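The values are calculated or read from the model by the stated rules, or taken from the named source; none is laboratory data. None of the values given here were measured: they were computed from a predicted structure. All Cβ positions, glycine included, derive from the backbone under ideal geometry; neighbour counts span all protein chains shown.
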Amino acid sequence: MKTVSILIWLAVFFFPALSPTQNALWAQGGETMEITSTAFEHEGMIPVKYTCDGADVSPPLTWAGLPSGTKALALICDDPDAPMGTWVHWVYYDIPSDITGLPEKMTNEDHPAQGGTQGVSDFRRTGYGGPCPPGGTHRYYFKLYALDSMLNLPAKVTKKQLLKAMEGHILDMTELMGTYKR
């Protein structure tokens, strides 16, 4: 037990950028939740293919390190740099916890074959809508939430409605950020 306490103390002082949860997991040798893409690296440029200037298809995403007790996942992609405030590019929820990612070019159907339900983006349509900034470099956050239950919401809910429904059910969250400039 003393060794764990020392490791936690070292983690807090030598890795202050990590959250307390990440520090504790690191000190205990645990795994942290992460989301990645083979299309771009975290903080890297999103290829044109996945934007309105290209095919406007969703990028492939994979994840790992889901916490124990995860029953469902939710994914929100948004752009906080939009001129009128945060612009929502994708709302997807009740994703089964036993899948480890999403393929490139997800369908825009309410209920994709992979499972789960898609909501409405600020493009006023179901499914993914790629980066399409009016100018400058924008950041796009793919936020993955591990939830302790299925939400059983109807199709076409908004980000705001999803966030409200997730209150009290979030076990962990991770994000992948990509950038795009036209």
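A single member of ASP94, ASP110, ASP172 is out of contact with any Phe, Trp or Tyr (no Cβ under 6 Å at 6 or more places or on another chain), of a type in the set (D, E, K, R) and under 25 Å from GLU41 (Cα atoms), and it is ASP172. When the strands (runs of 3 or more DSSP E) confined to the range 63-182 are screened for residues that are free of Cβ contacts under 8 Å to residues at least 24 places away in the same chain, those reaching at least 1 such residues are found at 87-96.
Take the residues in the range 68-88 that are among the small types (Gly, Ala, Ser) and surrounded by fewer than 21 Cβ atoms within 10 Å (Cβ to Cβ); name whichever of them is farthest from LEU102 (Cα to Cα). If we take residues in the range 68-88 being among the small types (Gly, Ala, Ser) and surrounded by fewer than 21 Cβ atoms within 10 Å (Cβ to Cβ), then GLY85 is farthest from LEU102 (Cα to Cα).
From the list GLY129, GLY119, which one is out of contact with any Leu (no Cβ under 9 Å at 6 or more places or on another chain), buried (at least 21 other Cβ atoms within 10 Å of the Cβ) and at pLDDT 95 or above? Quick ask: steps written out before the conclusion?
On the way: GLY119 fails: out of contact with any Leu (no Cβ under 9 Å at 6 or more places or on another chain).
Testing whether each residue is out of contact with any Leu (no Cβ under 9 Å at 6 or more places or on another chain), buried (at least 21 other Cβ atoms within 10 Å of the Cβ) and at pLDDT 95 or above leaves just GLY129.
Looking at the structure I just gave you, is GLY65 modelled with pLDDT of 95 or more, more than 13 Å from the chain's Cα centre (by Cα) and loosely packed, with under 14 Cβ neighbours inside 10 Å? The answer is no for GLY65. Within the range 40-52, the set of residues being surrounded by 14 or more Cβ atoms within 10 Å (Cβ to Cβ) and charged (D, E, K, R) comprises just one member, LYS49. Applying the condition of being touching a Gly at 6+ places or on another chain (Cβ under 8 Å) and under 18 Å from SER58 (Cβ atoms) to the range 139-166 and asking which residue is surrounded by the fewest Cβ atoms within 10 Å (Cβ to Cβ) yields ALA155.
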